[in-house]
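This report concerns only the one structure given below.
The values are calculated or read from the model by the stated rules, or taken from the named source; none is laboratory data. From a predicted model like this one, the values you see are computed outputs, not experimental measurements. Counting neighbours? That spans all protein chains shown, and the Cβs are built from the backbone with ideal geometry, glycine included.
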Amino acid sequence: MTSRLEFWQGNTACAEGALAAGCNFFGGYPITPSTEVAEHMAAKLPKKGGVFIQMEDEIASMASIIGASWTGARAMTATSGPGFSLMMENIGFAAMTETPCVVVNVQRGGPSTGQPTMSAQGDMMQVRFGSHGDYAIIALCPASVQEMYELTAKAFNLADKYRVPVFLMADETVGHMREKILVPDKVERVDRKPLAADALPFKADADLIPGFGQFGTGHHVHVTGLTHDERGYPATTNPKLHADLVKRLVDKIENARYDMADYDIINPDAHKVFVAYGGPVRTVQQVMHDRKDKDIGFLRIRTVWPFPEKALAAFKNAQAFFVPELNLGQMAREIERHVKVPVVSIPKLGGELHTPAELIAALEAKR
Amino acid sequence: MKLAIDETRCKGCNLCTKICPYKIFKEGKKPNRKGTVVPELDRPERCTNCRLRNLYGRQLCGVCQLTCPDQAIHWTEEEPYELHKVAIEY
Amino acid sequence: MSYEDWFRQDRLPHIYCAGCGNGTIINCTLAAVDEMGWKKEETIFVSGIGCSSRAPGYILTDSLHTTHGRALAFATGVKMANPDLHVVVFTGDGDLAAIGGNHFIHACRRNIDLTVVCMNNQIYGMTGGQGSPTTPKGCLSSTTPYGCTEIPFDLCELATAAGANYVSRWTSYHVKELEKAVKVGLETPGFSFIEALVQCPTAFGRRNKFRQVTDHVEYLKVHSLLKAKRDRMLEAGEKIPEDMYVVGELTKRSRPAMGVKP
């Protein structure tokens, strides 16, 4: 496969990745630091026969991409913290109705309006648990412009395969950074499993995923956010049905976590192991480069949710895990659940990445 | 055509008794098995749609059917009238 | 084919209370859709949350029962992504005017090719009769136990001001007129808004001296003022009584529309 060399901003790469993946609907609302994604889509989508629409708010953006998705479109929106909070209600709706869609969250400092132009990773728990009720989603974390491109394209495939909203949890650093990118000529495409002619629209197959009854193809699907039976009809007072439905929505993602898990393991025999995703990956890479120490391991995670905890077990000699994050240790808590050795959270608030010196200091403080 | 009320759907709101221009629907008197007091039909052969639908080949009036919030009013095709012998015993 | 064929017969009878006007409005809308000769696969019904929004669940087409107030935003996505589909939105006064007010204004402004049927029962029916933005002044509800003191919304004026191509208002008494209005709405490119005042015997009528369903329908009938008559009265300099609802075709124009099939 041939590819060409470009020098792009992260947000541009994200939009280009979406276009390469066949995204043909973008409903958005401007918000720093994700606006460039919308701007790029506004310029490019109409020329490719797609639809760009600027909605009245993020609630409507999320709603519009769910509506578009049911007509078969590959739909996407991009936002940041405050907009992401507004989307929560409809993200729950997408999870309940098993609507494939892609949401890009270029994270900024919060809570509330916070730091619009600074970097953060404070939405990592919100993306997993933000909407009410139990559900499961997929969240990917890019750490470079190249990954902004690749993971966006991958997000569409995961969304269509598992019929779930997929989140690209970038941060302001990666979104606004410009660097070299190798743009492939073609990206892989996995399409939705269509609904068989006489099948019930919400009856799952063995993989726990039902076929997709696209609007306008004569399936007469009733899509509702209410607890529904296999026909899609509301059945809100049946305890077993509700339990089974929610269990299936969670299991279809959680059971498949290693089919989609994407991570790198560096120096698996090391005693001290960094675990990072998104922006902090770059600082860890610098430390690894400077130190060239075989005793420092590195687990670099791209699929943050569902969390691939088996990857932690690959570090058999690990005496401590070091988790640099641009929040007060949100994923460190998740990692703590899965390992028996100490987990050292290295939080950093304020909007800047860790410096390599800070990471080394944390490493050496733990002796 | 024959006018009929579907007792499984009627909830007994009596809206039909108000809007029929011929006052064919009368408030019912006793509840059915579901406990709904279904309206009664008073000489339904007066209904325009019953009399003339087949002649005109289209729906006539039909206000009761449109108004009925529970989709309980409909028309059924009548069996053609057949002459039959009546034995008269003297 | 008649409009009865558009129902999911296995789902009837529906969950509406005895005498609820919503069933009437569904009948009229489906009759109009049926007259258009549209195929079931090409027609999508979208709704939000509330009594009115349960309607698409009883209709044998693809349908989308969404989150509270957001029906128009979802419908915008459906229509823009596939303009070949005919999209009809069922909504209620709380859904459209309160939580979904912003989406309503912007859908009108975009003049997107949707037909919106608003079942205005002047109350939040499904949650047990709380005051809504269209509850008339002085009316009792569970959250306005001493009478509503707020000024109600005139949804048709709002739709006209925001730019909708077609706006009309009827009541659940005027079934034939309503059916025709919905049909004109479906035919009109751009945003069509049809407000249907309906009786809510359980939540509204019970608290507001309409003991019988027929009493409330009679009230709607008597308090409907035809637009033509209103215009004549205005010309003659007569005063329009405050408790009258102006019914009829209020706006019909052809501003440029979005999402129309080329």
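Out of the residues in segment A:73-88 that are surrounded by fewer than 24 Cβ atoms within 10 Å (Cβ to Cβ) and touching a helix residue (DSSP H, G or I) at 6+ places or on another chain (Cβ under 7 Å), state the one that is farthest from A:TYR135 (Cα to Cα).
Once the filter is applied, the top-ranked residue is A:GLY83.
Looking at segment B:44-72, I want the residues that are within 14 Å of chain C (Cβ to nearest Cβ) and have a partner that is hydroxyl-bearing (Ser, Thr, Tyr) with Cβ atoms under 7 Å, at least 6 apart or on another chain. Which pairs are those?
Between residues of segment B:44-72 that are within 14 Å of chain C (Cβ to nearest Cβ) and residues that are hydroxyl-bearing (Ser, Thr, Tyr), the close pairs are B:LEU60/B:THR48; B:CYS61/B:THR48; B:LEU66/C:THR24; B:THR67/C:THR24; B:PRO69/C:TYR16; B:PRO69/C:THR24.
Taking segment C:157-178 as the search range and keeping residues that are surrounded by fewer than 23 Cβ atoms within 10 Å (Cβ to Cβ) and assigned to a helix (DSSP H, G or I), which one is nearest to the other protein chains (Cβ to nearest Cβ)?
Selected residue: C:LYS176.
I want to confirm something. Restricting to segment B:27-43 and keeping residues that are touching a Lys or Arg at 6+ places or on another chain (Cβ under 9 Å) and either under 11 Å from B:CYS64 (Cβ atoms) or more than 14 Å from chain C (Cβ to nearest Cβ) (or both), which single residue is surrounded by the most Cβ atoms within 10 Å (Cβ to Cβ)?
Step by step, filter segment B:27-43, then rank; the result is B:PRO39.
Yes or no: C:SER2 surrounded by fewer than 17 Cβ atoms within 10 Å (Cβ to Cβ) and among the hydroxyl-bearing types (Ser, Thr, Tyr)?
For C:SER2, the condition - surrounded by fewer than 17 Cβ atoms within 10 Å (Cβ to Cβ) and among the hydroxyl-bearing types (Ser, Thr, Tyr) - is met.
Would you be able to tell me the number of residues in segment C:77-105 that are free of Cβ contacts under 8 Å to residues at least 12 places away in the same chain, under 15 Å from C:MET258 (Cβ atoms) and surrounded by fewer than 24 Cβ atoms within 10 Å (Cβ to Cβ)?
Going through segment C:77-105 one residue at a time, the tally reaches 0.
What tally of residues in segment C:85-102 results from selecting those that are in contact with a helix residue (DSSP H, G or I) (Cβ under 7 Å, 6 or more places away or on another chain) and within 7 Å of chain A (Cβ to nearest Cβ)?
Summing the residues that are in contact with a helix residue (DSSP H, G or I) (Cβ under 7 Å, 6 or more places away or on another chain) and within 7 Å of chain A (Cβ to nearest Cβ) in segment C:85-102 gives 1.
Quick one: how many residues across segment A:56-71 are within 7 Å of another protein chain (Cβ to nearest Cβ) and under 17 Å from A:CYS23 (Cβ atoms)?
7
Kindly evaluate C:GLU41 against the criterion of being more than 7 Å from chain A (Cβ to nearest Cβ) and of a type in the set (Asp, Glu).
No: the conditions fail for C:GLU41.
Do we have any residue at all in segment A:179-198 that's within 14 Å of chain C (Cβ to nearest Cβ), surrounded by fewer than 20 Cβ atoms within 10 Å (Cβ to Cβ), aliphatic (A, V, I, L, M) and without any contact (Cβ under 8 Å) to a residue 60 or more places away in the chain?
yes
Sort out which residues of segment C:58-74 are within 7 Å of chain A (Cβ to nearest Cβ) and touching a strand residue (DSSP E or B) at 6+ places or on another chain (Cβ under 6 Å), and write them in order of number.
Within segment C:58-74, C:THR61, C:ASP62, C:SER63, C:LEU64, C:HIS65, C:PHE74 meet the criteria.
So in segment A:72-91, with the set limited to residues that are away from chain C (no Cβ under 14 Å) and not in a helix (DSSP H, G or I), which one is nearest to A:ALA15 (Cα to Cα)?
Only one residue fits best here, namely A:ALA78.
Of all residues being at the interface with chain C (Cβ under 10 Å from one of its Cβ atoms) and either free of Cβ contacts under 8 Å to residues at least 24 places away in the same chain or of a type in the set (Val, Ile, Thr) (or both) in segment B:9-26, which is farthest from B:THR76 (Cα to Cα)? Just the residue, please.
The qualifying residue farthest from B:THR76 (Cα to Cα) is B:LYS18.
Would you point out which residue out of A:LEU359, A:LEU353 is in contact (Cβ under 8 Å) with a residue 12 or more places away in the chain, assigned to a helix (DSSP H, G or I) and surrounded by 16 or more Cβ atoms within 10 Å (Cβ to Cβ)?
It is A:LEU359.
Just the residues that are under 22 Å from C:ARG109 (Cα atoms), surrounded by fewer than 18 Cβ atoms within 10 Å (Cβ to Cβ) and within 14 Å of another protein chain (Cβ to nearest Cβ), please, taken from segment A:4-55.
A:ALA42, A:PRO46, A:GLN54
Please enumerate the residues belonging to segment C:125-156 that are surrounded by fewer than 18 Cβ atoms within 10 Å (Cβ to Cβ), under 27 Å from C:ARG54 (Cβ atoms) and of a type in the set (S, T, N, Q).
Matches in segment C:125-156: C:THR127, C:GLN130, C:SER142, C:THR143.
For segment C:179-225, which residues satisfy the criterion of being assigned to a helix (DSSP H, G or I), away from chain B (no Cβ under 11 Å) and touching a strand residue (DSSP E or B) at 6+ places or on another chain (Cβ under 8 Å)?
Residues satisfying the conditions are C:ALA181, C:VAL182, C:VAL184, C:GLY185, C:LEU186, C:ARG207, C:LEU220.
Please find, within segment A:206-221, the residue that is surrounded by the most Cβ atoms within 10 Å (Cβ to Cβ) out of those that are in contact with a Phe, Trp or Tyr (Cβ under 8 Å, 6 or more places away or on another chain) and within 14 Å of another protein chain (Cβ to nearest Cβ).
The qualifying residue surrounded by the most Cβ atoms within 10 Å (Cβ to Cβ) is A:PHE215.
What do you reckon, is A:MET62 closer than 18 Å to C:HIS103 by Cβ and at pLDDT 95 or above?
yes
Which condition number does A:TRP70 fail, the rest of (1) of a type in the set (Phe, Trp, Tyr); (2) surrounded by fewer than 23 Cβ atoms within 10 Å (Cβ to Cβ); (3) over 11 Å from A:GLY27 (Cβ atoms) being met?
That leaves (2) as the condition not met.
Among the listed residues B:CYS64, B:CYS16, B:CYS47, which satisfies the condition of being more than 24 Å from C:ARG11 (Cα to Cα), crowded, with 18+ Cβ neighbours inside 10 Å and not hydroxyl-bearing (Ser, Thr, Tyr)?
Result of the check over B:CYS64, B:CYS16, B:CYS47: B:CYS47.
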